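The values are calculated or read from the model by the stated rules, or taken from the named source; none is laboratory data. Since the model is a prediction, treat every value here as computed from it, not as a measurement. Neighbour counts run over all protein chains shown; Cβ positions are idealised from the backbone, glycine included. SASA here: full protein model, heavy atoms, side chains in, ligands and nucleic acids out. Shrake-Rupley method; radii C 1.70, N 1.55, O 1.52, S 1.80 Å.
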Amino acid sequence: MTQWVADIIRKPEVTAIPVMTHPGIEQNGHTVRQAVSDGRIHYEAVMTLARQFPSAAACTIMDLTVEAEAFGARIAFSDDAVPAVAGRLLNDADDIRQLQVPSLKAARIPQYLKANLLAAKALSPQPSALSPQPSTVNCQLSTVNFQRPLFAGCIGPFSLAGRLYDMSDIMVLIYEDPEAAHVLLDKCTQFILKYCQALKLTGANGVMMAEPAAGLLSNDDCLRFSSQYVKRIVDSVQDDSFIVVLHNCGNQGHCTHAMVATGAAAYHFGNKCRMADVIRDVPPTALAMGNLDPVSLFKDGTPERMRQATLDLLQEMRPYPNFVLSSGCDTPPHTPIGNVNACFEALHDWNHEL
């Protein structure tokens with residue numbers, strides 16, 4: 001994967017890795033509830049999209065409730081919306097001290113490990129090889145070579161802590177009782193690290209860690225209450241065969257320095273920031289990914305709007321060889337395939353003219 005990153009930066013063509021699974025779920029005739037509960041259905045959605053689109057890597061579902069549920073949080077499920085934490089698990093510092101770090105057999109963790117195990121085996125990427133770009137993009141054809149790296153998904157420590165303690169109250173806790181906050185963050189980090197190690201053993205080539213709540217923090221607080229914990233995980237699991245992609249769609253550009261302090265191999269940005277600004281703070285040897293709006297463009301836009309927005313972003317990012325075209329976050333349920341097609345077709349045309 002170290003070589004894979006270097007190859008992306010070196011080659012003149014722009015690479016795309018949109019974060020999407022829901023279009024595959026819907027094409028297979030399944031619901032969100034089924035996909036987030038059944039590892040095989042999840043895996044089948046990943047493979048459906050891998051066979052259709054020339055993304056340089058496949059992504060599993062960005063589900064920010066899996067780890068919270070393992071700790072004991074109550075989750076609200078829906079057939080056509082992403083799961084959500086329903087109510088808080090922890091109420092005070094005593095609850096934090098008594099909180100136990102769960103096993104990897106808890107709740108839906110085994111189903112997510114199963115999905116990654118099946119997908120990693122099927123995708124079986126060749127070491128140091130970028131997925132080939134087809135000469136034409138026609139998403140009705142199944143001729144796209146689907147061998148490519150697989151990015152598993154996990155939540156970040158501060159975002160998990162907020163889901164267990166309540167997002168508003170965790171912001172108060174870090175100032176009123178920072179010691180308790182650090183105890184909670186340490187327990188969250190222990191579990192996420194254990195989970196990432198298990199994901200690595202499935203054969204996944206990396207993990208996209210979603211830490212959007214850290215975008216609520218200042219750069220200094222992000223360093224204290226998020227990045228130092230993310231770095232523990234990065235230092236433990238990232239190597240030549242497995243990388244961490246740190247996603248923070250809450251960052252508006254104010255905490256990019258804190259993100260980069262984690263040492264992750266790639267950084268994924270949301271549409272709240274301007275890519276041309278944040279990429280200047282990313283090391284030229286690391287990937288900077290983003291940031292087409294997943295809602296207004298992918299879900300609610302038209303193919304024409306998507307095409308133009310894609311070309312505009314590509315033009316703006318032309319000076320940066322470490323830029324990777326992506327959605328600003330996970331593309332939501334009911335994202336039209338025509339809009340995804342338009343994004344890849346625009347990218348193909350752009351690369352063809354280089």
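Please find, among Glu44, Glu26, the residue that is touching a Ser or Thr at 6+ places or on another chain (Cβ under 9 Å) and open to solvent by 40 Å² or more (accessible area, probe 1.4 Å).
Glu26
Answer with yes or no whether Ser103 is surrounded by fewer than 18 Cβ atoms within 10 Å (Cβ to Cβ), at pLDDT 95 or above and assigned to a loop (DSSP other than H, G, I, E, B).
So Ser103 passes the test.
Show me the helices (runs of 4 or more DSSP H) entirely contained within the range 134-229 in which 3 or more residues are at pLDDT 95 or above and among the small types (Gly, Ala, Ser).
Those helices (runs of 4 or more DSSP H) span 157-165, 178-201.
Show me the helices (runs of 4 or more DSSP H) found entirely inside the range 242-354 where at least 2 residues are surrounded by fewer than 20 Cβ atoms within 10 Å (Cβ to Cβ) and among the aromatic types (Phe, Trp, Tyr).
Passing ranges: none, list empty.
Ile75 is checked against (1) in contact with an Asp or Glu (Cβ under 7 Å, 6 or more places away or on another chain); (2) surrounded by 20 or more Cβ atoms within 10 Å (Cβ to Cβ); (3) farther than 18 Å from Lys299 by Cβ and fails just one. What number does that condition carry?
(2)
Exactly one condition in (1) under 30 Å from Leu173 (Cα atoms); (2) surrounded by fewer than 16 Cβ atoms within 10 Å (Cβ to Cβ) is not met by Thr65; state its number.
Thr65 satisfies all of (1) under 30 Å from Leu173 (Cα atoms); (2) surrounded by fewer than 16 Cβ atoms within 10 Å (Cβ to Cβ) except (2).
Filter the range 52-87 down to the residues that are outside any loop (DSSP other than H, G, I, E, B) and in contact with a Leu (Cβ under 9 Å, 6 or more places away or on another chain) and list them by number.
Gln52, Ala58, Cys59, Glu67, Ala68, Ala70, Phe71, Ala84, Val85
Working only within the range 193-214, note down all residues that are crowded, with 24+ Cβ neighbours inside 10 Å, under 21 Å from Ala180 (Cα atoms) and not charged (D, E, K, R).
Ala213, Ala214
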